1. Mind checking which of B:234, B:208, B:136 is farthest towards the positive end of the protein assembly as shown's charge dipole, using Cβ charges of +1 (Lys, Arg) and -1 (Asp, Glu) about the Cα centre?
2. Report, in debye and to the nearest 20, how large the dipole of the protein assembly as shown comes out about its Cα centre when Lys and Arg carry +1 and Asp and Glu carry -1 on their Cβ.
3. What net charge do the residues around residue B:105 carry, taking every other residue with its C-beta under 13 Å from that of residue B:105, with Lys and Arg at +1 and Asp and Glu at -1?
4. Whole-Hz ³J(HN,Hα) for each residue in the stretch A:119-126, computed from phi via Karplus 6.51 cos²θ - 1.76 cosθ + 1.60 with θ = phi - 60°, x for glycine and proline: what do you get?
5. Å³ per residue of the Cα convex hull, for the stretch A:1-109?
6. Rounded, prolate or oblate: which fits the stretch A:67-108, taking a ≥ b ≥ c as square roots of the Cα gyration tensor eigenvalues, rounded meaning a/c under 1.5, else prolate when a/b beats b/c?
7. Amide H to amide H under 5 Å from residue A:92: which residues, 5+ apart in sequence or cross-chain, H placed 1.01 Å off N in plane?
8. Relative to the Cα centre, what is the charge dipole magnitude of the stretch B:13-101, using +1 at the beta carbon of each Lys and Arg, -1 at the beta carbon of each Asp and Glu, and rounding to the nearest 20 debye?
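None of the figures in this text is laboratory data; all of them are computed from the coordinates on show. Because the structure is a prediction, the values reported are computed rather than measured. Note that we place each Cβ from the backbone using ideal geometry, even for glycine, and neighbour counts take in every protein chain shown.
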Amino acid sequence: MRGLVAARWLQTVLGALGLITLLAGITASFYLHNARFDLGPGNRFTLSDHALSVLREIREPVRITSFIRTEDARNPVLKDLLWQVSNENPQISYTLVDVNRNPALATQYGVDTYGATVVESGGKRADFTLPVESQNGSTRCRATGNVPWTRPTDSRAVPECVKRCRTSFTTSSL
Amino acid sequence: MRRFTALLSKELRALFAAPLVWFVGAVFLALAGYYFYTDLNAFITFGFGESIVEHLWQRLFNDVVRIVITIIPLITMRVYSEEKNLGTIELLYTAPLRDFEILSAKYLACMLVFVVIIGATALYPALIYRLEPFDVSQLVAIYLGMLLLISAMVTIGVFISSLTETQLIAAVFSYGAVLLLWNLSWNEAAVPNSVVGIVSQLCAYDHFEPFARGVIDVKDVAYFVSITIFAGFLTMRSMESRQWRGRR
């Protein structure tokens, strides 16, 4: 009888593990091949066709390091944006660094503000402030001479900034 | 199907006949009304230079979901525990019903309670719409997200209720489980960097937040459906275990 009960328990545990694996696999495949329906005003949380074309043009590895504060309420939007960007092109990877937890890394990068983002590619580097940290009503990309180039909190901003920063890689020594 | 419908209407009668659902609904709507007033007031007063309506719904329904999480265990705690305590579960198990039909009827009855409660919050957008018409598509995403979240958490509550005869124990453990699932990634600073991504993928808030912004991602839908299926599976195994564990 005890053997039967043990066998039932084992069957239940194995069934649960199998189901977890299956569901995790399905969820992971949707994570990698996500479909998005943006019902928000102005489709602000979806990359535009122009942004997608910019991202698809990238052929060399680009690493984005964003310095954040963990408790910041704007982090989900930022994470979502970077996830979309990296999901579009495997050449792009991103890391979110909590400035408070990694002050040494922030110092090493010369970063002293929340939302500061460093784009690195081919041994070159460009810094900019992400849209969520925009100032004076417009986002600025330091790599392009502090020129305001997009409206604040526009989710299409990062690809544009990557493009501009990449242009600046070739036109100036950063 | 007729037996299933009969069980569903019995579950609904049991839920709505008890004062608990009405008290819970009243407290929920009082709190939701308070949040609606204060959130609207805050956006009108300060503005934050943003679209008032868009951000109002985002903020309001994040608050509303927090109240929903608090009341879910109060609705689900009795589903199996009460029947086990009263001994009526034996009648149910000996009735010509499959375990899946019993579970579906109980789950659906709880969901219908929440559809009624959540449906009442549509009054707030309706009030604003009457004053100033706006695009309601963001609300479609929000309500879909809430239903998926509630579905996942109701199933967890139903599963925990199937494990015990004591309603209070079921409520406390359900509350712990749904709150943990909701808050899992809130203190990211306490989690090593290597597992932050995994924790974030398991956190219900991280999957609901896009819905609040009006974004429906298939990956988030898959997350909530997966939890619902998994908790449903565990409930089925819990019901089935009576045959070999010799317990109710």
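1. So the residue we want is B:234.
2. Numbers: 38 positive and 34 negative charges, 203 e Å.
The dipole of the protein assembly as shown has a size of about 980 debye.
3. Working: positive: B:2, B:3, B:10, B:13, B:98, B:106; negative: B:11, B:83, B:99, B:101.
Spelling it out: positives minus negatives among the neighbours equals +2.
4. 10, 10, 7, x, x, 10, 9, 9
5. Here the figure is 207 Å³ per residue.
6. Working: a/c = 4.61, a/b = 1.48, b/c = 3.11.
Judged from the Cα gyration tensor, the stretch A:67-108 comes out oblate (a/c at least 1.5, b/c at or above a/b).
7. Residues meeting the amide H criterion: A:62.
8. So the magnitude is around 160 debye.
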